[in-house]
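Participant: This is the structure I want to talk about, given as structure tokens.
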Amino acid sequence: MKNTTPLKPKTSELVEVNGTQIYYEVYGKGEPLLFIHGYTQSSVAWKGFVDEYANDYEVYLIDLRGHGKSEALKETFSVKQSTEDVLALLKYLKFEKIKAIGMSFGGDILLQIGSMKPDILESMIIIAANGDWDAQNYPEMLKTYSYKNIDQFQWIYDFHSGGDEQIKVIIEQLANYKIKLSDDEIKNIKAKTLLLVGDKDGQISVESMLRLNNLISDSHLWVVPNTAHYAHDGDNKNEFINISKSFLSSW
């Protein structure tokens, strides 16, 4: 019978990089594998996946700027700044090469890293992110996803340690979420890449993922049927774990 006791991190640290405090945890042993969460989430979102990878990889979970146990947002949010945080953390950890999995916001960060520092990513899995997204194009989402409607989003408290003030800032800053990587920037990506999207994702279209698939030289596209934004979780979790581990190990 499989052990269902959650793994405890062998290392956890709050470190100052790029002018902010970033929290990370480490599990398992092997070559490094980085997991990056989505906007409004934290590393907690990946805790239920850790034990599936920790026998083969040294798993790194991080809380992005303003999220989880990292320092709260104090400046205008930008994907680029968050990307520079991750690059600074990788430098602090003395990683020259790494494999990574990114969900939504985390996927955009990996795409940005791949375009800026193409040699640092060996392989990556991008879930529900396309490198071309602007929150201002979704006014109804911004209207609904407001702190005044926090009662509809009680799950967000599971991800953050800073309470209402931290959460309020995260939600308010969603309006500043914007990334637009050019074709040439995406073509810079060298990492072997698995692109994952649900065919019913209301934010990321299959067509936009096809664009990435055509521009990234070594990429593979997996369109998950009857699935929305969280294409790697829920009923798809076991299949995702099996396919992702096979993909990462084939490098």
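Participant: Would you grab the residues whose amide H sits under 5 Å from the one on GLY68? Only those 5+ places off in sequence or on another chain, please, with H modelled 1.01 Å from N.
Facilitator: For GLY68, whose amide H was placed from the backbone, the distant partners under 5 Å are SER161.
Participant: Work out the length of the dipole vector of the stretch 1-99 about its Cα centre, built from +1 on the beta-carbon of each Lys and Arg and -1 on the beta-carbon of each Asp and Glu, and round it to the nearest 20 debye. Display every interim value, and only then the final one.
Facilitator: Numbers: 13 positive and 14 negative charges, 22 e Å.
Approximately 100 debye in magnitude.
Participant: Here's something else I'd like to know. So which lysines can LYS80 reach, going by Cα to Cα under 17 Å and dropping same-chain residues fewer than 8 places off?
Facilitator: Within the straight-line limit of under 17 Å, LYS80 reaches these lysines: LYS91, LYS117, LYS178, LYS180.
Participant: Also, I was wondering about something else. In whole angstrom, how long is each semi-axis of the equivalent ellipsoid of the stretch 50-92, when you take the square root of 5 times every eigenvalue of its Cα gyration tensor and sort them from largest down? Could you put the intermediate results ahead of the total?
Facilitator: Working: eigenvalues 122, 30, 12 Å².
After scaling each eigenvalue by five and taking roots: 25, 12, 8 Å.
Participant: How big, on average over all directions, is the shadow cast by the Cα convex hull of the stretch 89-134, in nm²? Write down the numbers at each step before the final one.
Facilitator: Numbers: hull surface 12.8 nm².
The orientation-averaged projected area of the Cα hull of the stretch 89-134 comes to 3.2 nm².
Participant: Further question on the same structure: Hey, how many Å between the Cα centroid of the stretch 4-56 and the Cα centroid of the stretch 147-167?
Facilitator: Centre-to-centre distance over Cα atoms comes out at 21 Å.
Participant: Using unit Cβ charges (K, R positive; D, E negative) and no other charged atoms, how large, in debye to the nearest 20, is the dipole of the chain about its Cα centre? Can you show the working numbers first?
Facilitator: Working: 26 positive and 35 negative charges, 65 e Å.
Rounded to the nearest 20 debye, it is 320 debye.
Participant: Using just the alpha carbons, could you tell me how many Å³ per residue the convex hull of the chain encloses?
Facilitator: 127
Participant: How long are the semi-axes of the ellipsoid equivalent to the stretch 164-251, from square roots of 5 times the Cα gyration tensor eigenvalues, in whole Å, largest first? Walk me through the numbers on the way to the answer.
Facilitator: Details: eigenvalues 123, 80, 38 Å².
For the stretch 164-251, the ellipsoid semi-axes come out as 25, 20, 14 Å.
Participant: Also: In the chain, with Lys and Arg counted as +1 and Asp and Glu as -1 at Cβ, which of these residues, TRP133, GLY102, THR144, has the Cα nearest the positive end of the dipole, that is, farthest along it?
Facilitator: Most positive-ward Cα: GLY102.
Participant: Work from the charge dipole of the chain (Cβ charges, +1 for Lys and Arg, -1 for Asp and Glu, about the Cα centre) and give the residue of GLN166, SER246, VAL86 farthest towards its positive end.
Facilitator: The one lying farthest along the dipole's positive direction is SER246.
Participant: Which aspartates and glutamates, on any chain, are close to LYS47 with Cα under 15 Å apart, when same-chain ones fewer than 8 places away are left out?
Facilitator: GLU25, GLU58, ASP63, ASP158, ASP233
Participant: To continue, here is another question. Using only alpha carbon pairs under 8 Å that are at least six residues apart, calculate the relative contact order of the stretch 25-119 and give it in whole percent. Working shown, then result.
Facilitator: Working: 144 pairs, mean separation 33.2, N = 95.
Normalised by residue count, the contact order of the stretch 25-119 is 35 percent.
Participant: What is the set of long-range amide H partners of ILE125 at a cut-off below 5 Å, with H atoms built 1.01 Å from backbone N?
Facilitator: Residues meeting the amide H criterion: ALA100, ILE101, GLY102, LEU194.
Participant: Now for a separate question. Given Cβ point charges of +1 (Lys, Arg) and -1 (Asp, Glu) and nothing else, what value in debye, to the nearest 20, does the dipole of the stretch 106-209 about its Cα centre take?
Facilitator: Details: 10 positive and 17 negative charges, 21 e Å.
About 100 debye.
Participant: Let me ask another. Find out how many positive minus negative residues lie around LYS190, taking Lys and Arg as positive, Asp and Glu as negative, among other residues whose Cβ is under 12 Å from that of LYS190. Before the final figure, lay out the partial values.
Facilitator: Numbers: positive: LYS97, LYS117, LYS187, LYS192; negative: ASP119, GLU122, ASP218.
Once all neighbours under 12 Å are counted, the net charge is +1.
Participant: As I understand it, the dipole of the chain uses +1 on the Cβ of Lys and Arg and -1 on the Cβ of Asp and Glu, about the Cα centre. Which of THR76, ALA54, ASN188 lies farthest toward its positive end?
Facilitator: Among THR76, ALA54, ASN188, the one farthest towards the positive end of the dipole of the chain is ALA54.
Participant: For the chain, what's the relative contact order in percent, using C-alpha pairs closer than 8 Å and at least 6 residues apart? If you can, show how the numbers build up before the last one.
Facilitator: On the way: 503 pairs, mean separation 44.1, N = 251.
Relative contact order comes out at 18 percent.
Participant: Oh, and also: When the expected Rg is taken as 2.2 N^0.38 Å, what fraction or multiple of it is the alpha-carbon Rg of the stretch 1-83? Working shown, then result.
Facilitator: Numbers: Rg = 13.6 Å, N = 83, 2.2 N^0.38 = 11.8 Å.
The stretch 1-83 yields a ratio of 1.15.
Participant: How large is Rg over Rh for the stretch 117-181, taking Rg from the Cα atoms and Rh as the Kirkwood inverse mean of 1/r across Cα pairs?
Facilitator: Numbers: Rg = 15.0 Å, Rh = 14.1 Å.
Expressed as Rg/Rh, it is 1.07.
Coordinate-derived values only; no laboratory data. Here the structure is a predicted model, which means the values were calculated and not measured. Heads up, the Cβs are rebuilt from the backbone with ideal geometry, glycines too, and the neighbour counts pull from every protein chain shown.
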